[in-house]
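Read-outs throughout are calculated quantities, based only on the coordinates presented, and are distinct from any laboratory measurement. Since the model is a prediction, treat every value here as computed from it, not as a measurement. Positions of Cβ are backbone-derived with ideal geometry, glycine not excepted, and every protein chain shown enters the neighbour counts.
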């Protein structure tokens, strides 16, 4: 009974490790950032700035300074990940603060602009900030959901074990195809020779492989067998080598589907970084240009 309870406990720990940063310390950083955003909104409504709110007013400078400092601090998460520590500023606490303070920039940055936008470096910096935040929201969703989906899909198998299972099925298929006719053996050979994970980045992300040779081989063999009499062996039992090939192709297709789901989930877990990280560097560059232009040309 004790051993039966281990997988459930491990799964719960994995879910807590990946989703716990949102709930860290009883949503401490959600509460802090909600209060910060509320203060900004109330102060924006009740502080009188003549002739109107804008980024060049004293209030705009105050919000801009807070926003710029927050952006610089948020970029330090990558550095922080290299130091695995516990306590008040554990990686989980830092990540929780990163998420909620990043979201608070939607309010702080927007109020800083005074809702004045144009075709200039200032609006470009704001647009890049929003792009970084939106890509970060996708990252939150992926990190909160995909690790558990990966665990469920693996079914306690590692990636190496899944690939070993595929190689084993290929060896069995090669042996089982020996008694087949040249035409049927050619279909199996297509399955053995094709790179099952080829097709490029977008195919891996979509998880769709319309030219899968394994699936086509199985479909073609089944269509041909539907019009052919089955071979009978000893004691009247069917002993058709195509039966074994068909069963192996079915197993291979199921294993391929599992590995492809695994690779798709891993890719989704990383793909948002291809937007988030470059956009962050572009934001830092545009923010620097924004600040320089404000102090030197306004």
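If the chain linking residue 89 and residue 266 were pulled fully straight, counting 0.36 nm for each residue of separation and taking away their Cα-Cα distance, it would gain 60.9 nm. With semi-axes defined as the square roots of five times the eigenvalues of the C-alpha gyration tensor, the equivalent ellipsoid of the stretch 49-143 measures 29, 15, 10 Å, largest first. For the stretch 128-209, compute Rh as the Kirkwood radius over C-alpha pairs and then the Stokes-Einstein diffusion coefficient at 25 °C and 0.890 mPa s; write the answer in µm²/s, rounded to an integer. Rounded, D is 150 µm²/s.
Averaging the sequence gap over all C-alpha pairs within less than 8 Å and six or more residues apart, then dividing by the number of residues, gives the chain a relative contact order of 24 percent. On a 0 to 90 degree scale, rounded to 10, what angle separates helix 213-225 from the longest Cα axis of the chain? Long axis of 213-225 versus the principal axis of the chain: about 30 degrees. Once the C-beta distance of residue 156 and residue 65 is scaled by a Förster radius of 45 Å, the resulting FRET efficiency is 0.30 to the nearest 0.05. Report summary: the helix-based calculation at 222 nm, which adds -39500 (n - 2.57) for every DSSP H run with n ≥ 4 and divides by the residues of the chain, gives -26000 deg cm²/dmol. Full extension of the chain segment joining residue 127 with residue 54 gains 24.6 nm, where the gain is 0.36 nm per residue of separation less the Cα-Cα distance. Entry note, the stretch 159-270: relative contact order of 38 percent, from Cα contacts under 8 Å with a spacing of 6+ residues. What the Kirkwood sum gives for the chain is a hydrodynamic radius of 24.0 Å, with every pair of different alpha carbons counted. Would the stretch 159-270 count as rounded, prolate or oblate if I go by the C-alpha gyration tensor, calling it rounded below 1.5 in a/c and otherwise prolate when a/b exceeds b/c, oblate otherwise? Judged from the Cα gyration tensor, the stretch 159-270 comes out prolate (a/c at least 1.5, a/b above b/c).
The C-alpha atoms of the chain define a longest principal axis, and helix 6-46 lies at about 30 degrees to it.
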